[in-house]
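The values are calculated or read from the model by the stated rules, or taken from the named source; none is laboratory data. Treat the numbers as computed from the prediction; the structure is a model and nothing was measured. Don't worry about glycine lacking a Cβ; one is built from the backbone with ideal geometry, like all the others, and counts go over all protein chains shown.
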Amino acid sequence: MARELLRRDDQHLIPVYARYPVVMERGEGCHVFDVDGRRYLDMMAGLGVNALGHGHPRMMAAMIDQAAKMVHVSPQYSNPWPGKLAEQLCALSGMAGVFFSTGGSEAVEGALKLARTHGRQRGGAQKHELVALRGSYHGRTFGSLSVTGQDKYSIDFGPGLPGVRFVDRDDVAGLRAVVSERTCAILIEPVLGEGGVKICSREFLETARALSDEQGALLIFDEIQCGLGRLGRWFAFETSGVRPDVLILGKPLGGGIPLSALLVTESLFHSFGVAKHGSTLGGTPLACRLGMEFLAVMEEEGVLARVQASGERMRERLEALAKQYDEVVEVRGEGLMFGMEMTVPARPLVEDALRRGVMLNCVQGNVLRFLPPLILTEAQVDEGLDVLEAVMADHFSPAVSTRTKIAVGA
Ligand SMILES: Cc1ncc(COP(=O)(O)O)c(C=O)c1O
């Protein structure tokens, strides 16, 4: 069955994804089933979207109820859900206003436009430069691609936005050198996800905050991947003590229905102005209703604490593997967001794990990335890691060196 479906995909879908040779049909909690009835443990949650797993009863009930009432209405008309969700997100984050859009890239576009208009209001057209990080990932649209610090994504599509300056993560001196009175924003992923799960240091974030304040630039945190509970707290920025002017959220927010959010502080509430920005499908009643339900389930089912417990278990297991094999360079991460950097390509491990019933993911060619549903239990961590352990035992010989591999992160 899968073979026929895959053949049809190959004939009709433009091949931009390096797909795996399976066809997924349905999900249940932290498991996914393919069309041939095989079961897989989901350790990647649809690239971080399926935070509450698959078919969560409350999400399903909210979806069905809202679908029957109203899926979409022009954003020029009010409906009960975007306002409620915005209020809730502001209460959680301390921000003051929200603009809803569909995917992460679209929210990044909004943030860049906001930065440009804010810069123009403060310093004229010359205050247009954007500072971003090498190794970052912000999306595939032109603006978001222009601030993504990885040439492999943008090289064929240039030129991108003018005035983008890149700096290495944690290069405090480098950051000081590129930020100037022409800077309208500094854009940071507090944990670089697609870049290989790399955590920005507190010193770097503090410097970015200080430089933004000095130069009247906006500090934008892209928490599309690392926010909304992924790290075992609502937002990545909470532990650094550094607050952004603009916060971008996405991935799990709409429970699988496209929804992203651009959150701003009080002073930026009116920066866009009426009719200067918009999104036909941004913040539909259905998506926002699911956003409300997602936040409620997270709160009422104590999901953040569960992320911390399962995350600790995952860290222990990954560190144990790191000690066993020379091919593991380092384990990085927090909560339920981990990267295991290898000296060798990681894709063969992902493919082998899939054959054995575990869905993993790799980034940067050599980093295994773990982004499971936030409801993954400790027993399920073991279920997944037992398989990875068996895969690694078949691919590598036990370590001969005694080199220490330290886990980075809180
Ligand atoms: C940090 C970050 N920003 C932006 C994006 C782009 O989001 P989307 O693919 O929903 O457009 C992603 C997607 O992986 C991301 O991880």
Report task. Kindly indicate whether residue 42 is acidic (Asp, Glu) and either within 16 Å of the ligand (Cβ to nearest atom) or surrounded by 16 or more Cβ atoms within 10 Å (Cβ to Cβ) (or both). Result -> yes
Query raised in the report: Among 259, 249, 286, which is buried (at least 19 other Cβ atoms within 10 Å of the Cβ) and away from the ligand (no atom under 12 Å from the Cβ)?
Result: 286
Query raised in the report: Quick one: would you say residue 230 is of a type in the set (Lys, Arg), within 16 Å of the ligand (Cβ to nearest atom) and under 25 Å from residue 95 (Cβ atoms)?
Result: yes
Query raised in the report: Here is a list of conditions, (1) closer than 24 Å to residue 233 by Cβ; (2) of a type in the set (Gly, Ala, Ser); (3) assigned by TED's automatic domain parsing to the domain that holds residue 72; (4) part of a helix (DSSP H, G or I), and residue 311 meets all of them except one; can you say which number that is?
Result: (3)
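Yes or no, residue by residue, for (1) within 20 Å of the chain's Cα centre (by Cα); (2) acidic (Asp, Glu); (3) modelled with pLDDT under 95; (4) under 21 Å from residue 198 (Cα atoms):
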position	(1), (2), (3), (4)
326	no, yes, no, yes
329	no, no, no, yes
343	no, no, no, yes
351	no, yes, no, no
354	no, no, no, no
357	no, no, no, no
Report task. Answer yes if at least one residue in the stretch 39-55 is touching a Phe, Trp or Tyr at 6+ places or on another chain (Cβ under 9 Å), in contact (Cβ under 8 Å) with a residue 12 or more places away in the chain and over 28 Å from residue 191 (Cβ atoms), and no otherwise. Result -> yes
Query - Residue check for residue 242: buried (at least 18 other Cβ atoms within 10 Å of the Cβ), more than 13 Å from the ligand (Cβ to nearest atom) and of a type in the set (A, V, I, L, M) - result: yes
Query raised in the report: Restricting the stretch 318-350 to residues that are of a type outside the set (S, T, N, Q) and either assigned to a loop (DSSP other than H, G, I, E, B) or not assigned by TED's automatic domain parsing to the domain that holds residue 42 (or both), which is surrounded by the fewest Cβ atoms within 10 Å (Cβ to Cβ)?
Result: 345
Requested in this report: Kindly list the number of the only condition in (1) within 19 Å of the chain's Cα centre (by Cα); (2) among the charged types (D, E, K, R); (3) surrounded by fewer than 21 Cβ atoms within 10 Å (Cβ to Cβ); (4) within 25 Å of residue 269 (Cα to Cα) that fails for residue 140.
Outcome: (4)
Report task. Would you mention how many residues in the stretch 371-399 are under 27 Å from residue 135 (Cα atoms) and assigned to a loop (DSSP other than H, G, I, E, B)? Result -> 4
Query raised in the report: Just checking, how many residues over the stretch 34-57 are among the acidic types (Asp, Glu) and either on the phi > 0 side of the Ramachandran plot or touching a helix residue (DSSP H, G or I) at 6+ places or on another chain (Cβ under 8 Å) (or both)?
Result: 2
Query - One residue from 354, 304, 368 being over 28 Å from residue 19 (Cβ atoms), outside any loop (DSSP other than H, G, I, E, B) and touching a Phe, Trp or Tyr at 6+ places or on another chain (Cβ under 9 Å) - result: 304
Query - Checklist (1) within 19 Å of residue 111 (Cα to Cα); (2) at pLDDT below 95 applied to residue 158, failing item - result: (1)
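For (1) within 20 Å of residue 192 (Cβ to Cβ); (2) free of Cβ contacts under 8 Å to residues at least 60 places away in the same chain, each residue gets a yes or a no:
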position	(1), (2)
219	yes, yes
230	yes, no
236	yes, yes
240	yes, yes
252	yes, no
257	no, no
266	no, no
270	no, yes
275	no, yes
Report summary line: Taking the stretch 201-223 and the residues there that are surrounded by fewer than 23 Cβ atoms within 10 Å (Cβ to Cβ) and part of a loop (DSSP other than H, G, I, E, B), the one that is nearest to the ligand (Cβ to nearest atom) would be 201
Query raised in the report: Out of the stretch 143-193, which residues are under 22 Å from the mean Cα position of the chain (by Cα) and of a type in the set (Ser, Thr, Tyr)?
Result: 144, 146, 148, 153, 154
Query - Single match in 125, 111, 91 (criterion: in contact with a strand residue (DSSP E or B) (Cβ under 7 Å, 6 or more places away or on another chain), in the same structural domain as residue 248 (by TED's automatic domain parsing) and either modelled with pLDDT under 95 or hydrophobic (A, V, I, L, M, F, W, C) (or both)) - result: 111
Query raised in the report: Could you list, in sequence order, the residues of the stretch 134-156 that are away from the ligand (no atom under 13 Å from the Cβ) and of a type in the set (D, E, K, R)?
Result: 134, 151, 152, 156
Query raised in the report: Taking the stretch 96-124 as the search range and keeping residues that are of a type in the set (Ser, Thr, Tyr) and under 12 Å from residue 259 (Cα atoms), which one is surrounded by the most Cβ atoms within 10 Å (Cβ to Cβ)?
Result: 101
